[in-house]
Amino acid sequence: MDTRASQTKGYFCPVTATVSIIGGKWKPIILWLLYQRASRYGELKRQLPTITAKMLTQQLRDLERDGIVNRKVHEVVPPQVEYSLTERGHSLAPILLSMEKWGNQHRRFLQAG
């Protein structure tokens with residue numbers, strides 16, 4: 001996590017710190033999909049058809065680095081990689097559910113914009 005994004009003149013902002021980890025175009029939907037169930041890379045790619053392979057890989061690496069996502073390699077041929085939320089990732093559930101609720105409540109406005 002880039003601590004510069006969460007600190008301004010010595011002030012730590014927990015909201016900014018959280019957004020720096022889970023924010024962006026792709027991370028929220030990746031987290032939402034993994035909250036629903038663990039998925040292999042190909043499954044995530046199929047559910048996100050407009051994301052590039054490079055971007056999906058980078059987002060998953062970032063989330064893994066920040067301790068939000070676990071990457072498990074299954075020793076089969078061909079190798080399969082499964083992604084799931086860590087305990088820290090699961091602790092984001094109330095945030096994700098609140099975002100879902102807010103999005104549903106404001107769906108008309110969001111779809112019009």
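The values are calculated or read from the model by the stated rules, or taken from the named source; none is laboratory data. Because the structure is a prediction, the values reported are computed rather than measured. With ideal geometry, Cβ positions are generated from the backbone for all residues, glycine too; neighbour counts draw on all protein chains shown.
A count restricted to the stretch 71-84 and to residues that are in contact with a helix residue (DSSP H, G or I) (Cβ under 7 Å, 6 or more places away or on another chain) and free of Cβ contacts under 8 Å to residues at least 24 places away in the same chain stands at 1. Against the list (1) surrounded by 11 or more Cβ atoms within 10 Å (Cβ to Cβ); (2) free of Cβ contacts under 8 Å to residues at least 12 places away in the same chain; (3) closer than 14 Å to Tyr35 by Cα, the condition Glu87 fails is (1). Within the stretch 97-106, can one find any residue that is touching a residue at least 24 places away in the same chain (Cβ under 8 Å) and touching a Gly at 6+ places or on another chain (Cβ under 9 Å)? Checked against the condition, which is being touching a residue at least 24 places away in the same chain (Cβ under 8 Å) and touching a Gly at 6+ places or on another chain (Cβ under 9 Å), the stretch 97-106 yields no hits at all.
When the stretch 12-32 is filtered for residues that are in contact with a helix residue (DSSP H, G or I) (Cβ under 6 Å, 6 or more places away or on another chain), in a helix (DSSP H, G or I) and free of Cβ contacts under 8 Å to residues at least 24 places away in the same chain, the ones remaining, listed by number, are Thr16, Ala17, Ser20. Would you list the helices (runs of 4 or more DSSP H) that sit entirely within the stretch 33-113 and hold 2 or more residues that are farther than 25 Å from Thr18 by Cβ and at pLDDT 95 or above? So the answer is 41-47, 53-65. Filter the stretch 1-25 for residues that are exposed (fewer than 11 other Cβ atoms within 10 Å of the Cβ) and modelled with pLDDT under 65 and give the result. Correct list: Asp2, Thr3, Arg4, Thr8.
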